[in-house]
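The structure appears right after this line, and notes come after that.
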Amino acid sequence: MSNSLIQETKRIVAQFDYTDDDLNKGVQEFLRQMNEGLQKDATSLSQIPTYVTGVPNGTEKGLYMAVDLGGTNFRVCSVHLNGDTTFDLTYSKVAIPKELMVAKTSKELFGFLAKQIELFLKTHHEDHFEALVRRRKSTKTPHGYEDENVFRLGFTFSFPVQQFGINKGSLIRWTKGFDIPDTVGKDVCALLQEEIDLLHLPVKVAALVNDTVGTLMARSYTSPGKTATLIGAIFGTGTNGAYVEKIENLQKSVGGQYDKSTGEMVINTEWGSFDNQLNVLPNTPYDAKLDRESVNPGIQIFEKRVSGMFLGEIVRLAVVDLYESPNVSLFKGISSSTNDQKTTTRIGDGSGLFKQWGLDSSLMSTAVADSTPDLSTLRQELDSHLQIHAASVEDAQAFKDIAYAVGRRAARLSAVALAGIVIQSGRLKETKDELVDIGADGSLVEHYPSFRDMIQEALKSIEGIGAEGAERIRIGIARDGSGVGAALIALVAAGMEKKGITDEPADAIPSAGEPTTLT
Ligand code: ADP
Ligand code: MG
């Protein structure tokens, strides 16, 4: 590498250092903001009560349904929990028709969703289905829930809702291209139930589910050993986590009914907005620029340094800065001593390198994973993804160094959130050798090389955890939170019904409280 390229790359990479000292300051602030969020509304970490008051241990049994309304698709599945940490899942997926996303009334969209549920039941559970529909049609009450055999359904709804019961939550606003004004302020579970009832389906919308909580439940059910999982964490497009908190620590008021007997409740932290004030989070010129040019400046500041949607953009901004540095030859094919392709490096006109969001985070994984001596895989991907033709080994090395630095900082920041929660829970102190289990989901944690190892390494340096503590923290990938996780929350809800923790009347929608953003 030419000296100036090496030196400039080093200078940029150094800005992404996140030292052990930074880590520890970060954890202290995370703990402070966590506790603030448990005490009052409208804080940085929203700390939203989920009404889920226990986690599974793998012995749960039964047949449940789950649906997931994401941004583009509607997934319907049934989950058979076998009671031995395993499950069988049947699922179908349908694209949501564009015209329904902007329909005139809620009925059009929710009617469509109910239709899909009907279709799924007819296809996959015909025997069960016919008998139950007949019975439901004959019940006199409008709901007919006295039938013990209706499917309990967990509803993963990935839009901002204000939750006020295990199966109640009103839509705050639509996002992701949806716009049906009529739905705003209404209970989305009730809207779905109405349409299900019109079709006489044997289904009760039992639980409203956030993907972090689904991940926590899915992991706790499937994880090896008896240890109950403490945290469900998402590192995908966005980042967020849910964890098990002692109810006595939850000092702000929680409306609605929940099972108080366990003494615990799962809290959705909404940690993506940790330290929006920038008390402790790093803020390189690249972070600042990304935020300034985003649709929501000043918001989701932690997420903007950690999750898949943003990391590629940070890398892009840093690489462009390097490219534009005077006297530095990057992607210019001039002073590259080992440009073995014998052609001049060229960047295509439509290259994502010069477009906002033009660099996908998956390219970072490719870069970091490429350990060939001439970085041939990465150079190929620079060509195919960014139209950077005939990049030299030195160019690719500079790119790789920056991608590594940005990814490593993200992993160490992730460790701040996880460590804060582990310390808050007291679990390392409660026993001498039991594991503290964490379920994680999302493309970043699954595919970025050594993401979990880098988290583990950071945990060792955190006061209150240390090398011994880190050994006892286990992070496992938990897939399918919106399937098996949602089914497990439906099971919790069914348990509440049995214990007589009854539904509140539909008009008891509290106005206080923070919005739940379902990522
Ligand atoms: P979602 O958040 O919608 O559930 P994912 O968990 O798949 O979906 O996360 C998608 C995000 O992960 C995108 O921002 C994408 O850029 C990023 N991503 C996808 N593949 C990789 C990869 N191999 N390495 C790092 N990031 C990735
Ligand atoms: Mg996801």
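A few comments on the model shown:
- Spin-label pair Leu63-Arg292: with each label point 7 Å from Cα along the Cα-Cβ axis, the two points sit 5.9 nm from one another.
- Lysine pairs in segment 199-343 whose alpha-carbon atoms fall under 21 angstrom of each other, counting only those eight or more residues apart or on distinct chains, come to 5.
- Over the chain, volume per residue of the alpha carbon convex hull, in Å³: 154 Å³
- Each eigenvalue of the Cα gyration tensor of segment 158-220, multiplied by 5 and square-rooted, gives one semi-axis; in descending order these are 20, 18, 10 Å.
- Electrostatic dipole magnitude of the chain [Cβ: Lys, Arg +1; Asp, Glu -1; Cα centre; debye, to 20]: 480 debye
- Helix-only arithmetic for the chain: the sum of -39500 (n - 2.57) across DSSP H runs with n ≥ 4, divided by the residue total, places the mean residue ellipticity at 222 nm at -12500 deg cm²/dmol.
- At the listed q of 0.09, 0.22 Å⁻¹, the Debye profile of segment 283-414, built from one uniform point per Cα, gives log10 I(q)/I(0) equal to -0.25, -1.34.
- Put simply, the C-alpha atoms of segment 67-139 give a gyration tensor, and the ellipsoid matching it has half-axes of 25, 19, 9 Å, longest first.
- Potential lengthening of the chain between Asp182 and Ile299 amounts to 39.4 nm, from the contour at 0.36 nm per residue minus the alpha-carbon distance.
- Under the Debye formula (equal points on every Cα, no solvent term), log10 I(q)/I(0) of segment 1-102 at q = 0.13, 0.17, 0.22, 0.24 Å⁻¹: -0.92, -0.94, -1.09, -1.17
- For the pair Asp197 and Glu430, label points projected 7 Å from Cα toward Cβ lie 4.0 nm apart.
- Over every Cα atom in segment 396-459, the radius of gyration and the widest Cα-Cα span, Dmax, amount to 14.2, 48 Å.
- Total charge dipole magnitude, segment 7-50, about the Cα centre, Cβ charges on Lys, Arg, Asp, Glu only, Debye to nearest 20: 80 debye
- Our estimate of slack between Glu248 and Arg479, defined as 0.36 nm per intervening residue step minus the Cα-Cα distance, is 80.0 nm.
- Rg/Rg_globular for segment 233-321, with Rg_globular taken as 2.2 N^0.38 Å and Rg from C-alpha atoms: 1.40
- Selected from Ile196, Asn296, Ser261, residue furthest toward positive end of dipole (segment 193-298; charges at beta carbon): Ser261
- Taking 7 Å steps out from each Cα toward its Cβ at Ala467 and Ser92 produces label points 5.6 nm apart.
- Dipole check for segment 3-96: with +1 at the C-beta of Lys and Arg, -1 at the C-beta of Asp and Glu, and the Cα centre as origin, the magnitude is about 280 Debye.
- The peptide list 80-92, 153-165, 189-201, put in order of mean Cβ contacts within 10 Å with the highest first, becomes 153-165, 189-201, 80-92.
- For segment 370-437 versus segment 32-106, the spacing of their alpha-carbon centroids is 28 Å.
- Multiplying the residue separation of Glu324 and Glu457 by 0.36 nm and subtracting their alpha-carbon distance yields 44.5 nm.
Read-outs throughout are calculated quantities, based only on the coordinates presented, and are distinct from any laboratory measurement. Keep in mind that what you see is a predicted model, and the values were worked out from it rather than measured. Glycine gets a Cβ as well: all are built from the backbone with ideal geometry, and neighbour counts include every protein chain shown.
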